[in-house]
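First up is the structure itself, then whatever we jot down about it.
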Amino acid sequence: MTPHSPRARGRLGLAAALIAGGAAAAVPTSAAAGTAGHGAAAPDPDFGPNVTFVDESWSTDEINEFLDSVNDEEEFSQARHQVFFEPGTYGSAAGADDPTTAENIVNAELGYYESVDGLGAAPGDVLINGAIHVEPHVECPDTPWACQGPGSLTRFWRSMGNLAFDPIQRPTAEDAARPFPAGVAAPHQMRFAVSQAAPLRRVDIRGDLTVFGRFGEYASGGYLANSRVAGTVQTGSQQQWYTRDSSVGTWDGGVWNMVFSGVDGAPATDFGPSADGGPVGVKTSLPTTPATREKPFLYRDDDGELRVFAPHARTGTRGPNWSIDEAAGESLSLDDFYVAQAGRDTAASINRQLRAGKHLILTPGVYELADPIRVKNPDTVVLGLGYASLTPTDGNAALVTADVPGIQIAGITVDANVPESEVLVQVGKKCPPSWTGGHGRRHGHPVADPADPTTLTDVFVRVGGPWTGKAVTSIEVNSDHVLLDHVWAWRADHGNGVGWEENTGAHGVVVNGDHVTATGLFVEHYQEEQTIWNGEDGRTVFYQSELPYDPPSQEAWTDGDRLGYASYRVADHVRRHEAVGLGVYSYFWNGVDIRTDSAIRTPTGTGISFRSMTSVFLNGSGGINHVVNDEGDPAVGSFAAPQVVSYPTD
C-alpha cells in the first residue's frame with residue numbers, strides 16, 4: 001500500500017526528464033513554478049512531489065507532454081496527481097473551427113487519480129484553448145461501434161474545476177494512430193465521457209460538451225455543478241446524470257434518469273409515460289436546489305499568495321455562482337492550514353495540528369491510518385488534492401467528526417482495509433440506544449446550525465478494488481443539518497479482493513441525523529440495504545444505485561421474510577422524507593433467480609414524498625419485483641425499466 005515513486009514535477013523537472021529520456025528526480029513544485037510571476041510573494045508551502053503548478057512560461061508542447069506523463073495510471077494504481085494552472089491563457093484559439101489542423105492547442109486526456117484545477121478567482125481567469133478530455137476504454141479498435149462495453153463504465157476517479165475552455169479537441173498519443181480514433185470531436189466540442197466519481201465543478205465551457213463516447217459506448221452516471229456550458233450538452237448513451245446549479249445552452253438526450261436542480265436552460269420535466277404513447281420521459285427538473293455548499297478550492301490572490309476559498313451554505317439556489325466576496329464565503333490564509341503529505345504524516349501528526357485549530361490540506365497520496373483523523377473544531381476545512389486517499393490499518397474509522405457545525409470535508413477517497421472497520425467515515429457521535437428509542441435517530445441531541453451545515457463534498461468510499469477491504473458501514477451521518485454533495489459509496493464489483501465473502505459491506509450510507517440533504521448520492525453493491533434513512537426531514541435529489549451483482553443464492557440475500565434488500569430504505573418510524581430522481585438497477589450474475597421485492601422501501605403518510613423513480617434490469621438473472629413498496633411493474637428476467645412518477649400516489 002505504499003504509493004508509487006513520484007515522477008518528475010514542475011517545468012524544471014519536466015525539462016530534466018526530457019534531457020534524460022524521461023527519467024529525472026522529483027523537484028519541489030512550489031520552487032519550480034508555484035510563485036512564478038508574483039514578485040515578492042511568500043513562497044508557496046511544500047505540497048510534495050505529486051502537485052504540479054503550470055504557468056504561462058510553459059509551452060503548449062511542454063504542457064501536453066507533461067499531462068500525458070500523468071494520465072496513464074491503472075484503474076487501481078496508488079499514484080495520485082494534482083495539476084494546477086496559474087491564472088493565464090494557454091494555447092491558441094486560432095484553429096478552433098477545424099480541430100484537425102489547429103496548432104498550439106492544449107490537448108490531453110484526463111487519467112485516473114488526476115485532478116486538474118485553475119488557480120484563478122473565477123473560471124475565466126484560466127482559459128485553455130484546447131481540451132482536457134475523457135474517452136471511453138477502446139475494446140475493439142478496428143470496430144469500436146461493435147464494443148459498447150465497458151466503454152466509460154469504469155471511467156472513475158478524475159476531476160476538473162475552476163477552468164474555462166474554448167474547446168478544440170483531437171485524438172492524442174496512441175489513440176491518434178487507431179483506425180477509428182476515440183478522441184475525434186466536432187469543432188467547439190469537448191468530450192467528458194465518465195461515470196461515477198468524476199465531477200466537473202466551476203467550469204466554463206465556451207462551446208459544446210459531450211458526455212459519451214464517439215461510438216455510443218456505455219456510460220453510467222456523472223456530475224456537473226456550479227458550471228456553465230454555452231452550447232449543447234449531448235448525453236447520448238449516458239444512462240443517468242445529475243446537474244446542479246448551472247447554466248446550459250441546450251440539453252440533448254437522456255436514457256433512464258436525468259436530474260436537474262437549479263439549472264438555467266434545463267429541459268422541462270417529462271419523467272413518465274408520454275401522453276401520445278411516444279417514448280417515456282426520463283428528465284426531472286427542479287427550479288432550485290434546496291440546500292447547497294460549494295466545494296472549497298485553492299486560488300491565487302492578487303498579491304500572489306495562495307489561499308483557500310470556503311463557500312458559505314445557501315438555500316434555494318439556481319445557476320452558477322463564482323463570487324469570492326465576503327457574502328459568498330470566507331477566504332482563508334494557507335498559514336491557517338496544515339499541509340499533510342502521505343508517507344510523512346500519521347493520524348497522530350495530523351490530529352495534533354487539528355487540535356491546535358488548523359485546517360487541513362491532504363496532498364495526493366495514500367495515507368495509512370492506525371487511528372482516524374478526528375475533526376473536532378467547528379468550521380474546519382479538510383481539503384484533499386488529487387484524490388488523496390485514506391485507509392485504516394487497525395479496524396478503525398478513517399475519519400470522524402464531532403457534533404459541531406460548519407465542518408467541510410472535500411475531495412477525499414477512503415479505502416476499506418482489513419481487519420474490518422465498523423464504519424469508515426462517521427459524521428457526529430452515534431447516540432446510545434436509550435437516547436434514540438432504539439432506532440438510531442436523535443432526539444434534540446447536540447448543536448447543529450442549519451445555516452452552517454457540516455458538508456461532505458466529493459467524498460468517495462471503496463470497499464475492495466485496490467485490495468481486500470471490509471467495513472460494515474461506509475458512511476454514517478449522526479449529526480443534524482448535514483449536506484452530502486456528490487458522494488459515491490462503492491462495494492467493488494471488480495478489482496482486487498472482490499467476492500461475496502471477501503469485500504464484505506452491509507451498508508453504504510446510514511443517516512441517523514435529522515435535516516440531512518443529499519444532492520447527487522451514488523451507493524452501489526452493498527450486501528444489505530445500500531442506504532438507510534433513520535432521521536427525520538431527510539431530502540435526496542438524485543440517487544443512483546446498483547444492487548450487489550454477486551449474491552450466491554436467495555437465501556444469502558434475504559431481509560427476514562422479504563426477498564432481497566431494498567436499495568433505498570426509509571425506516572418505518574420516519575414521518576417526513578422527500579426524494580426525487582431515483583434509479584435502482586439489477587444485474588445478478590451468478591445464474592440464480594435472485595429477487596428483491598422492492599427497490600425502495602418507505603413508510604407512507606402526508607410527510608413522505610417520492611418523485612421520478614425507476615428500476616432497471618440490466619443483465620443477468622432474477623431482478624426487481626417492484627419499484628417502491630408494492631408499486632411499479634417488475635424488472636425481471638430481461639431488459640425492463642419500469643417507472644413510478646410519484647409515491648404515495650397523488
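The values are calculated or read from the model by the stated rules, or taken from the named source; none is laboratory data. Remember, predicted model here, so these are calculated numbers, not experimental data. Glycine also receives a Cβ, built like all others from the backbone with ideal geometry; neighbour counts cover every protein chain displayed. In case anyone asks, the SASA skips ligands and DNA or RNA and just uses the protein heavy atoms, side chains included. Shrake-Rupley method; radii C 1.70, N 1.55, O 1.52, S 1.80 Å.
Leaving ligands, DNA and RNA out of it, rank Asp371, Asp61 by accessible area with a 1.4 Å probe, largest first.
Asp61, Asp371
Ranking of Glu139, Glu62 by solvent-accessible surface, largest first: Glu139, Glu62 (1.4 Å probe, protein heavy atoms only, all chains present). If both residues of a DSSP beta bridge must be in the chain, then about 15% of such bridges are antiparallel.
Sorted largest first, the principal axis extents computed over the alpha-carbon atoms of segment 45-87 equal 33, 27, 14 Å.
Which of rounded, prolate or oblate describes segment 46-126 when judged by the alpha-carbon gyration tensor and an a/c cut-off of 1.5? Could the numbers behind the result be given before it?
On the way: a/c = 2.17, a/b = 1.37, b/c = 1.58.
Judged from the Cα gyration tensor, segment 46-126 comes out oblate (a/c at least 1.5, b/c at or above a/b).
Which entry in [x] 0.95; [y] 0.99; [z] 1.29 matches Rg/Rh (Cα atoms, Kirkwood Rh) derived from the coordinates of this structure? Of the labelled values, this structure produces [x]. Loop-located trypsin sites (Lys or Arg not before Pro) in segment 342-437 (DSSP state not H, G, I, E or B) with no more than 11 neighbouring Cβ atoms inside 10 Å: Arg344. For segment 193-265, a/c is not less than 1.5, where a ≥ b ≥ c are the root eigenvalues of the C-alpha gyration tensor, and a/b tops b/c. That puts it in the prolate class.
Tell me what the chain gives for mean residue ellipticity at 222 nm when only DSSP H runs of n ≥ 4 count, each as -39,500 (n - 2.57), the sum divided by the residue total, rounded to 500 deg cm²/dmol. Walk me through the numbers on the way to the answer.
Numbers: 4 runs with 33 residues, N = 650.
Taking each H run of at least 4 residues, the total per residue is -1500 deg cm²/dmol.
For segment 495-610, the normalised intensity computed at q = 0.16, 0.22, 0.23 Å⁻¹ comes to -0.73, -1.22, -1.30 (log10 of I(q)/I(0), Debye sum over alpha carbons, equal scatterers, no solvent).
Modelled spin labels at Asn377 and Ala556, positioned 7 Å past Cα toward Cβ, are 4.8 nm from each other.
Sorting Asp403, Asp270 by accessible area (1.4 Å probe), largest first, what list results? List each step's numbers first, then the result.
Values: Asp403 30, Asp270 65 Å².
Most to least solvent-accessible, the answer reads Asp270, Asp403.
Each label point was placed 7 Å from the Cα along the Cα-to-Cβ direction; for Cys140 and Arg178 their separation is 1.3 nm.
To the nearest 0.05, how large is the calculated FRET efficiency for Val280 and Ala186 if R₀ is 30 Å and r is the Cβ-Cβ distance? Before the final figure, lay out each step's value.
Numbers: r = 29 Å, r/R0 = 0.95.
Computed FRET efficiency for Val280 and Ala186 comes out at 0.55.
Cysteines of the chain lacking any other cysteine Cβ under 4.7 Å from their own Cβ: Cys431. Treating r as the C-beta distance of Asn619 and Asp302 and R0 as 41 Å, the FRET efficiency rounds to 0.15.
Cα-based Rg of segment 228-281 per 2.2 N^0.38 Å, rounded to two decimals? Don't jump to the answer; show the numbers that get you there.
Numbers: Rg = 11.4 Å, N = 54, 2.2 N^0.38 = 10.0 Å.
The value comes to 1.14.
Only protein heavy atoms count here; under a 1.4 Å probe, Asp303 has an accessible surface of about 90 Å².
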